[in-house]
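Chemist: Take a look at this one; I'll ask things after.
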Amino acid sequence: MIEAFDSWFVPVLFLAVMIAVVGLQFWAMFRYWRPVALELGVSFMDRSASRRVILRGISGGSSSLHALVARCRWAFAVSYAMCFVFIWIVFGTDGSVFLLACLIVSVVLSTPYDVEGEST
């Protein structure tokens, strides 16, 4: 019974969790990044702008834009936390530490997105 449990359950669980995490990130992109991209006047597919806004936020802009960016950043913080938990479960502490180091390097090397217009 244990061999049969191991033969199909673990890959199915792995796939189900991956679908949930990726689904949450797609939902966050369409629900939260799309309105921010419209306000900033950039393409929805602009990876550079989305990375800068998600990791470092914006400088300048209206208070309503800051509220949109804050919600977007919180949504992605939750999805990144889910990814970290998943990586920790699958790969252990070493994989989590490596992934955290890569994320820290990305955050440190990116700059906030500069918005022209009124500042708060």
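The values are calculated or read from the model by the stated rules, or taken from the named source; none is laboratory data. Just so it is clear, the structure is predicted and the values come from calculations on it, not from any experiment. Cβ: placed from backbone, ideal geometry, glycine included. Neighbour counts: every protein chain shown. Surface areas here come from the heavy atoms of the whole protein model, side chains and all, with no ligands, DNA or RNA. Shrake-Rupley method; radii C 1.70, N 1.55, O 1.52, S 1.80 Å.
Chemist: Which value in deg cm²/dmol, rounded to the nearest 500, describes the helix-derived mean residue ellipticity at 222 nm for the chain, given -39,500 (n - 2.57) per DSSP H run of n ≥ 4 and division by the residue count?
Modeler: Value at 222 nm, helices only, nearest 500: -26500 deg cm²/dmol.
Chemist: Collect residues whose amide H, placed 1.01 Å from N in the peptide plane, falls under 5 Å from the amide H of Ile58; neighbours closer than 5 in sequence don't count.
Modeler: For Ile58, the qualifying residues are Tyr113.
Chemist: With a 1.4 Å probe and every protein chain kept in, tell me what percent of the accessible surface of the chain is carbon plus sulfur.
Modeler: 69 percent
Chemist: Whole-Hz Karplus ³J(HN,Hα) for segment 66-74, in order, using 6.51 cos²θ - 1.76 cosθ + 1.60 and θ = phi - 60°, x for Gly and Pro?
Modeler: Rounded to whole hertz, the list is 4, 5, 4, 5, 4, 5, 4, 5, 5.
Chemist: Heads up, I need the accessible area for Arg34: 1.4 angstrom probe, whole protein in place, Å², nearest 10.
Modeler: 120 Å²
Chemist: If you wrap a convex hull around the C-alpha atoms of the chain and split its volume per residue, what is the figure in Å³?
Modeler: 103 Å³
Chemist: So what are the ³J(HN,Hα) numbers for segment 21-28, from phi and the Karplus equation (6.51, -1.76, 1.60; θ = phi - 60°), rounded to whole Hz, Gly and Pro as x?
Modeler: 5, 5, x, 5, 5, 4, 4, 5
Chemist: Now for a separate question. Can you list the residues of segment 52-80 with backbone N under 16 Å from a point 7 Å past the Cα of Asp46, pointing along Cα to Cβ?
Modeler: Taking a point 7 Å out along Cα→Cβ of Asp46, the residues of segment 52-80 whose backbone N falls under 16 Å are 52-62, 65-66, 69.
Chemist: Here's a follow-up. Projecting each Cα onto the charge dipole of segment 34-80 (Lys/Arg +1, Asp/Glu -1 at the beta carbon, about the Cα centre), which of Ser79, Phe44, Leu65 comes out farthest on the positive side?
Modeler: Result: Ser79.
Chemist: Could you run the Karplus curve 6.51 cos²θ - 1.76 cosθ + 1.60 with θ = phi - 60° over segment 49-55 and give me ³J(HN,Hα) per residue in whole Hz, x for Gly and Pro?
Modeler: 5, 5, 4, 5, 5, 5, 7
Chemist: Using the heavy atoms of the protein chains and a 1.4 angstrom probe, tell me the accessible area per residue for the chain in square angstrom.
Modeler: Accessible area per residue, the chain: 68 Å².
Chemist: Once both labels are modelled 7 Å past Cα along the beta-carbon direction, what's the Met82-Val17 spacing in nm?
Modeler: Computed distance between label sites Met82 and Val17 equals 1.3 nm.
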